[in-house]
Amino acid sequence: MISRANKAMLSCVSCLVAIGLIVTIAGCASVPKRHPVPPSLTTKVGIPGISEARLWGDEWPKFSKERLETFTDADYRQYLSAIYNKPHNYLAISGGGPNGAFGAGLLLGWTATGTRPEFTMVTGISTGALTAPFAFLGPDYDDELKTVYTTTSTKDIAEKRNIISALLSDSMADTKPLKALIAKYINANVIDAIAREYKRGRRLWIGTVNLDAGRSVIWNIGAIAVSNHPHKMELIHDILRASASIPVAFPPVVISVEIEGKRYDEMHVDGGTGSQVFVYPAAVDWRHFKQKLKVQGDPKIYVIRNSFLEADYNGIKRKVFPIATRTIDSLIRTQGIGDLYQIFSLCERDGNDFNLAYIPSDFTEEPTEAFDPVYMGKLFELGYQMAREGYPWKKYPPGFAIKP
């Protein structure tokens, strides 16, 4: 007769054997081969035919510096007519998954007041990357923005893989539905419209993280849209999907790059792994930029943080997944607050006007699934009503003490 202790031991052995088999299978599984960029070429490769397709999120690119110094007033008037000698308004939209419905509602409520400006530039990360093209193109695309954030459900974003498939793959879910959703709404007409605005001088920036390099990348969507790249639509779709691809949960997006005729690939993931929201790299001398463009007045920076900023108490079960989930939630919240402080400090340094919106703590609805259209609809309506009544933009990041 087998004792309880032996039964427990056999059970543990069985589990270990099962895990060993899964790991062995995973090691033998056929996965797509990569041709990653050699470390020595990381800063040299690029998108063929589009020299200004992107920049690192932590530096001021050489091409931008050179243009700033070589352009004449006549050049600025010709190539940057929408932003030269005019007031500037910048919009930064954060990540937040389904909470992006708040920012979408806020934008539509802002439109309803008749005071929403034409943004000089728009930046987006993660769910903010999916909002950004519509926000950039203005109120004409409000209907699309509302539809995306009030009718989308989890099945429209990802398909969950079973545990074996997940272990043999690069993520827990497949984002083919998200790929189709992006292709549906970011069509040829939208890309052509982005290209037209780029020619006027306005900019649309999307953030991803180059997982191989471990650095944030800022993509110039307008420069890609206006290019003759044969696969520019697919590239833009890939960038938007990469920006929203949460590592492990969603698969990374592999983007083809080139140098001297040799092709390599880069692995890009959710821009939120680098920062939750951004406006421009801290390395940029924005005061000099403003002087060259003869910006009228102080630029207004509007930051939409699609998240709650206040900490909430929640007794956590002493189990792996609750602990991991709570830890990640805490990291994202505090990282987001840190990003707001960085943007605020840049505003103080560069003479910009800081304005912040975020989800109020008294919104207590709970979603029933990852992307719950009912929850998102209520959050959208909250953002809409708050903006419609005149959103109380915060002038400081949370917890900032003002000297008397």
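Figures for the structure shown
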{"quantity": "Kirkwood Rh in Å, taken over the stretch 229-342 so that all alpha-carbon pairs contribute", "calculated": "17.9"}
{"quantity": "Alpha-carbon gyration tensor eigenvalues x 5, square-rooted, for the stretch 314-367, Å", "calculated": "31, 15, 6"}
{"quantity": "Label of the coordinate-derived value, Cα extents along the principal axes in Å, listed as (1) 92, 56, 41; (2) 63, 44, 38; (3) 80, 73, 40", "calculated": "(1)"}
{"quantity": "Solvent accessible area, Å² - THR42, 1.4 Å probe, full protein context", "calculated": "40"}
{"quantity": "Residue-averaged [θ]222 nm for the chain, counting only DSSP H segments that reach four residues, each worth -39500 (n - 2.57)", "calculated": "-13500 deg cm²/dmol"}
{"quantity": "Helix 100-113 axis, angle to the chain major axis (alpha carbon atoms, nearest 10°)", "calculated": "30"}
{"quantity": "Label point distance in nm, ALA311-THR368, each placed 7 Å from Cα along Cα→Cβ", "calculated": "3.3"}
{"quantity": "The chain - share of DSSP beta bridges that are antiparallel (%, nearest 5)", "calculated": "50"}
{"quantity": "Solvent-accessible heavy-atom area per residue, rounded to whole Å², over the chain at 1.4 Å", "calculated": "51"}
{"quantity": "Cα-projected label distance for GLU159 with LYS33, points at 7 Å along beta-carbon direction, nm", "calculated": "2.7"}
{"quantity": "Gyration tensor over alpha-carbon atoms, the stretch 290-404, equivalent ellipsoid semi-axes in Å", "calculated": "32, 19, 13"}
{"quantity": "Residue of ASP212, ASP362, ASP339 that the Gaussian network model of the chain assigns the largest fluctuation, springs spanning Cα pairs under 10 Å", "calculated": "ASP362"}
{"quantity": "Cα-based shape type of the stretch 128-284, given that a ≥ b ≥ c are square roots of the gyration tensor eigenvalues and the cut on a/c is 1.5", "calculated": "oblate"}
{"quantity": "Over the stretch 144-184: Kirkwood hydrodynamic radius from C-alpha pairwise inverse distances, Å", "calculated": "11.2"}
{"quantity": "Overall dimensions of the stretch 65-107 as given by Cα atoms, namely Rg and Dmax in Å", "calculated": "16.7, 45"}
{"quantity": "Estimated inter-spin distance, ARG388 and ARG263, nm [label 7 Å along Cα→Cβ]", "calculated": "5.1"}
{"quantity": "Fraction of accessible area attributable to carbon and sulfur, the chain (%, probe 1.4 Å)", "calculated": "57"}
{"quantity": "Cα-based shape type of the stretch 39-147, given that a ≥ b ≥ c are square roots of the gyration tensor eigenvalues and the cut on a/c is 1.5", "calculated": "oblate"}
{"quantity": "Degrees, to the nearest 10: 176-185 long Cα axis against longest axis of the chain", "calculated": "20"}
{"quantity": "Cα-based Kirkwood hydrodynamic radius, the stretch 64-220, one decimal, Å", "calculated": "17.6"}
{"quantity": "With Cα atoms, 0 to 90° folded angle of helix 4-28 axis to the chain main axis", "calculated": "50"}
{"quantity": "Cβ-based net charge around ARG215, under 15 Å, with every Lys or Arg adding one and every Asp or Glu removing one", "calculated": "-3"}
{"quantity": "Solvent accessible area, Å² - SER169, 1.4 Å probe, full protein context", "calculated": "50"}
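The values are calculated or read from the model by the stated rules, or taken from the named source; none is laboratory data. Quick caveat, the model's predicted, so the values are computed rather than measured. For neighbour counting, all protein chains shown are included, and Cβ atoms are generated from backbone atoms with ideal geometry for every residue, glycine included. Only protein heavy atoms, including side chains, enter the accessible area calculation; ligands, DNA and RNA are left aside. Shrake-Rupley method; radii C 1.70, N 1.55, O 1.52, S 1.80 Å.
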